[in-house]
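K.L.:
Quick one: structure below, then a few questions.
The values are calculated or read from the model by the stated rules, or taken from the named source; none is laboratory data. What you are looking at is a predicted structure, and each value in this text was computed from that prediction instead of being measured. Using ideal geometry, Cβ is built from the backbone for each residue, glycine included, and neighbour counts are taken over all protein chains shown. Each accessible area value is taken on the protein alone, full model and side chains, heavy atoms only, with ligands, DNA and RNA left out. Shrake-Rupley method; radii C 1.70, N 1.55, O 1.52, S 1.80 Å.
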Amino acid sequence: MDFNGQALAARLAGKRIGGKVHFFEEISSTNDFAYRLGVEGAPEGTVAVADHQTKGKGRLNRVWQSPPKANLYTTILLRPAIEAAVAAQITLLAGVAVADVLSRYCPGVTLKWPNDVRIRGRKVCGILTEMKAAGARVDFAVVGIGININMKRDDLDEAFREISTTLREEVGHSVSRLDVAVALFEDLDNLYGRYLSEGFEPIRTLWTAYADILGKPIQVVFGDEIQQGEVLGIDESGALLLSDGQGGTKRILAGDASVVKNP
Ligand code: BTN
């Protein structure tokens, strides 16, 4: 079946996440669209899906490569009753959902803090969560997920060809974007339900099982600041915990993490 709004709506009718789908042949960014929906008061679980983004955004003002007829670009609107300080938990939760779904297609799926899903060490998906706060609380969060599905390696921007991959390259054949999207929304729905009723702890356990940098020496770059240490895990708020080498722990809230070869 084709990848379009009707097909998605037929498979997601009645669900909390995806029960209302806005599908676009082309849009600037599903995150920007979903953010506007959030401001207008749209209900939790509304999703935007696009075949093609002309201004796909990555973290730290990077561009997210978003060609037509190839990948999944989606943003989910959520309204969790949580403090803005722990909103990173939502990104980690989404990473677990993506990892669950991709693991059904191939082995070697891991999570790299804070927002990358990788297959055999290469990035296949990025997650960009943006939120609107109301005082110290979250008013709404938009969780943008881009998964490289059927793009060929040669079509990846040259700068990313060595460090990124696509599901098709990993499994050896093209994959139904509709199936991936439906499975993703279903898994997200289950995990989000658990998060609302049981808190972050079960998600933290699941995330840790997929994590690929535990115990490794890494550096985290955020602007001009560089932090180094061995990865101990993530804490109850979703922050990364690094050992400071002197028996203490550093909490890292944001940045780009990479393994240090010769610390
Ligand atoms: C990153 O790894 O830097 C995050 C990439 C997030 C990309 C997705 S694609 C769907 C949604 N719309 C956007 O403009 N960005 C996110």
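K.L.:
Out of the residues in the stretch 34-55 that are among the small types (Gly, Ala, Ser) and open to solvent by 10 Å² or more (accessible area, probe 1.4 Å), state the one that is nearest to the chain's Cα centre (by Cα).
P.N.:
Step by step, filter the stretch 34-55, then rank; the result is 42.
K.L.:
Of (1) in a strand (DSSP E or B); (2) closer than 19 Å to residue 38 by Cα, residue 91 satisfies all except one. Which?
P.N.:
If we test residue 91 against (1) in a strand (DSSP E or B); (2) closer than 19 Å to residue 38 by Cα, just (1) comes out false.
K.L.:
Looking at (1) more than 17 Å from residue 206 (Cα to Cα); (2) at pLDDT 95 or above; (3) touching a strand residue (DSSP E or B) at 6+ places or on another chain (Cβ under 9 Å), which is the only condition residue 157 fails?
P.N.:
(2)
K.L.:
Restricting the search to the stretch 24-64, which residues are within 8 Å of the ligand (Cβ to nearest atom), under 22 Å from residue 187 (Cα atoms) and polar (S, T, N, Q)?
P.N.:
30, 31
K.L.:
In the stretch 55-80, which residues are under 17 Å from residue 35 (Cα atoms) and in a loop (DSSP other than H, G, I, E, B)?
P.N.:
Passing the criteria: 55, 56, 58, 79, 80.
K.L.:
A further question on this structure: Checking the condition touching a residue at least 24 places away in the same chain (Cβ under 8 Å), over 10 Å from the mean Cα position of the chain (by Cα) and closer than 21 Å to residue 66 by Cα, which residue from 149, 127 passes?
P.N.:
149
Matching residues to (1) over 18 Å from residue 141 (Cβ atoms); (2) open to solvent by 40 Å² or more (accessible area, probe 1.4 Å); (3) in contact with a Phe, Trp or Tyr (Cβ under 9 Å, 6 or more places away or on another chain); (4) not charged (D, E, K, R):
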site	(1), (2), (3), (4)
171	yes, no, yes, yes
180	yes, no, yes, yes
185	no, no, no, yes
209	yes, yes, no, yes
214	yes, yes, no, yes
217	yes, yes, no, yes
222	yes, yes, no, yes
240	yes, no, yes, yes
245	yes, yes, no, yes
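K.L.:
To continue, here is another question. Since residue 159 meets every condition but one in (1) within 15 Å of the ligand (Cβ to nearest atom); (2) surrounded by 15 or more Cβ atoms within 10 Å (Cβ to Cβ), which condition does it not meet?
P.N.:
Of everything listed in (1) within 15 Å of the ligand (Cβ to nearest atom); (2) surrounded by 15 or more Cβ atoms within 10 Å (Cβ to Cβ), residue 159 misses just condition (2).
K.L.:
Any idea which residue in the stretch 71-124 is farthest from the ligand (Cβ to nearest atom), counting only those that are touching a residue at least 24 places away in the same chain (Cβ under 8 Å) and of a type in the set (Asp, Glu)?
P.N.:
83
K.L.:
While we're on this one: State whether one or more residues within the stretch 189-200 are more than 30 Å from residue 36 (Cα to Cα), of a type in the set (Ser, Thr, Tyr) and free of Cβ contacts under 8 Å to residues at least 40 places away in the same chain.
P.N.:
No - not one qualifying residue is present in the stretch 189-200.
K.L.:
I would also like to ask the following. Quick check on residue 71: is it modelled with pLDDT under 95 and either within 18 Å of residue 21 (Cβ to Cβ) or more than 15 Å from the chain's Cα centre (by Cα) (or both)?
P.N.:
no
K.L.:
So, one more: With the structure loaded, tell me whether residue 130 is surrounded by fewer than 20 Cβ atoms within 10 Å (Cβ to Cβ), of a type outside the set (Lys, Arg) and touching a strand residue (DSSP E or B) at 6+ places or on another chain (Cβ under 8 Å) or whether it fails that test.
P.N.:
yes
K.L.:
If only one of 142, 138 is within 13 Å of the ligand (Cβ to nearest atom), over 21 Å from residue 103 (Cα atoms) and either open to solvent by 70 Å² or more (accessible area, probe 1.4 Å) or outside any helix (DSSP H, G or I) (or both), which one is it?
P.N.:
142
K.L.:
Can you confirm whether the stretch 117-125 contains a residue that is crowded, with 19+ Cβ neighbours inside 10 Å, at pLDDT 95 or above and not in a strand (DSSP E or B)?
P.N.:
no
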